[in-house]
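Since every read-out is calculated from the coordinates, none of them should be taken as a lab result. Just so you know, these numbers come straight off a predicted model, no measurement behind them. Don't worry about glycine lacking a Cβ; one is built from the backbone with ideal geometry, like all the others, and counts go over all protein chains shown.
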Amino acid sequence: MGFECPAPINSRSSEKIRLGHGGGGRLTNNLIENVFKPIFSNEYLDKLHDGAVIDLPVNRIAFSTDSYVVSPIFFPGGDIGKLSITGTINDLAMCGAKPLFISLALILEEGFEIENLKNILVSIKLVADKVGVKVVTGDTKVVNKGKGDGIYINTSGIGIIEHNMNICPQSVKPGDLIVLSGDIGRHGATILSLREGIDFEVSLESDCNELWTPVEALINEGIEIHCLRDLTRGGLTSALNEIAKSSNLGVFIEEENVPVIEEVKAVCEVLGLDPLYVANEGRFIAVVPEKFANKTAEIISNVTGVNSSIIGRIQEENKGKVLMKSLIGSVRLLDMISGEQLPRIC
């Protein structure tokens, strides 16, 4: 009885991810050559070295890394690819750093559609091209079917700081004003509405977007920036608490100045959530001296097309705490969220 060797499988003939795609052999090479390289080709990645060798100018750099496990992986306003690239770009932007280079590591589940993979990679490429970032190195692993959730992504990024400001929570001062870049809660509400099957007459979309463009505009216009913070997990409240605790100063905001669209309010009301704690992926706060606050809000609005607003100030009182004047005039303590309010939102 004879044995026949099956014809080798390559990623051009295979429509799904196989365990062999993570094995380091022919299928891995085919995936790199036929899927990754055509999308991300550049002078660093094309060398296919173990790492990217990069010449940087003599400046301060920022370095950040994050992992993305969102479910569902495709959602109105974005997908896990757009989320991953914007997330790392935004972390660099919050340091006042111009994003330059990104690494991309994927954990794929056996059986994942290669067409979906390509769509995710194209989403990454579109944002990278807009900002001027290059994907210069990466890695792919494949796990058995049922041992993952389609796709997980890790991105790391390097950015260059081309100014003399020290943008961090420790730089904020009493009297600084807090500028919010737009309405809050869209991303978390979008993901939750999909999971819970909540429908609206008006489509609710994630705010997923890169933030380097407005931050760069602020820097170029000479705005004195003391702190920047994007409003991801834990939402606006967590970001404000991080600043209050790190600076050992108080934060006071007014609820009437914090915009929340009706669709987000509806999702939060149905699910018992507070929009102040719901995640965003395209919103940030800028803490600036009072004399720069109105100009800061104007620049952000002009660049993003979303109305920004001054929502509060930094103060000496109530060190390490965040207080909010509510719509009815009472003062409420905004504490850090306990536990995970929205699992798998990023």
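Subtracting the Cα-Cα distance of Glu224 and Glu290 from their residue separation scaled by 0.36 nm leaves 22.8 nm. Which of rounded, prolate, oblate describes segment 146-186, given a ≥ b ≥ c as roots of the alpha-carbon gyration tensor eigenvalues and a/c under 1.5 marking rounded, otherwise prolate only if a/b is larger than b/c? Since a/c reaches 1.5 but b/c is at least a/b, the shape of segment 146-186 is classed as oblate. For the peptides 84-93, 155-164, 53-62, the ranking by packing is 84-93, 155-164, 53-62, with the highest mean count of neighbouring Cβ atoms within 10 Å listed first. Mind checking segment 103-207 for trypsin sites (Lys or Arg not before Pro) that DSSP puts in a loop (not H, G, I, E or B) and that have at most 10 other Cβ atoms within 10 Å? Listed in order of number, the matching sites are Lys147.
Applying 1/(1 + (r/R0)^6) with r as the Cβ-Cβ distance of Ala266 and Leu126 and R0 = 35 angstrom yields a FRET efficiency of 0.70. Of all lysines in the structure, the ones whose alpha carbon falls short of 16 Å from that of Lys125, not counting any fewer than 8 places away in one chain, are Lys37, Lys82, Lys134.
Here the chain is assigned +1 on the Cβ of each Lys and Arg and -1 on the Cβ of each Asp and Glu. Its dipole about the Cα centre then comes out at about 720 debye.
Working from label points 7 Å from Cα in the Cα-to-Cβ sense, the Met165 to Lys319 distance is 2.6 nm. Farthest towards the positive end of the charge dipole of the chain, among the residues Leu249, Leu236, Phe36, is the Cα of Phe36, using unit charges on the Cβ of Lys, Arg, Asp and Glu. Available extension along the chain between Val58 and Ser71 is 0.6 nm, counting 0.36 nm per residue and deducting the alpha carbon span.
With r defined as the distance between the Cβ atoms of Glu254 and Asn29 and R0 fixed at 45 Å, what FRET efficiency is calculated, to the nearest 0.05? Using R0 = 45 Å, I get an efficiency of 0.20. The residues neighbouring Ala217, those whose beta-carbon lies less than 15 Å from its own, together hold a net charge of -3 under the Lys/Arg +1, Asp/Glu -1 convention.
Starting from a Cα-only point model with no solvent, please compute log10 I(q)/I(0) by Debye for segment 19-161 at q = 0.10, 0.15, 0.19 1/Å. One equal scatterer on each Cα of segment 19-161 leads to -0.32, -0.73, -1.15. FRET efficiency for the Leu333 to Val303 pair, using the beta carbon distance and R₀ = 41 Å, is estimated at 0.75. Our analysis of the chain gives Rg over Rh at 1.03, with the two radii drawn from alpha carbon positions and Rh computed by the Kirkwood formula. Dividing the summed -39500 (n - 2.57) terms of all DSSP H runs of n ≥ 4 by the residue count of the chain sets its mean residue ellipticity at 222 nm at -9000 deg cm²/dmol. For segment 167-259, the list of GluC sites (Glu not before Pro) that fall in a loop by DSSP and count at most 10 other C-beta atoms within 10 angstrom reads Glu201.
Dipole check for segment 169-333: with +1 at the C-beta of Lys and Arg, -1 at the C-beta of Asp and Glu, and the Cα centre as origin, the magnitude is about 700 Debye. Straight-line cross-link reach from Lys325 at under 20 Å between alpha-carbon atoms covers these lysines, not counting any fewer than eight positions away in the same chain: Lys245, Lys265.
When the Cα positions of Leu92, Ile107, Leu218 are compared along the charge dipole of the chain, Ile107 comes out farthest toward the positive end, with charges on each C-beta of Lys, Arg, Asp and Glu. Spin-label pair Glu43-Asp149: with each label point 7 Å from Cα along the Cα-Cβ axis, the two points sit 4.0 nm from one another.
Taking the charge dipole of the chain about its Cα centre, with +1 at Lys and Arg Cβ atoms and -1 at Asp and Glu Cβ atoms, the residue from Ile300, Ser67, Ser330 reaching farthest to the positive side is Ser67.
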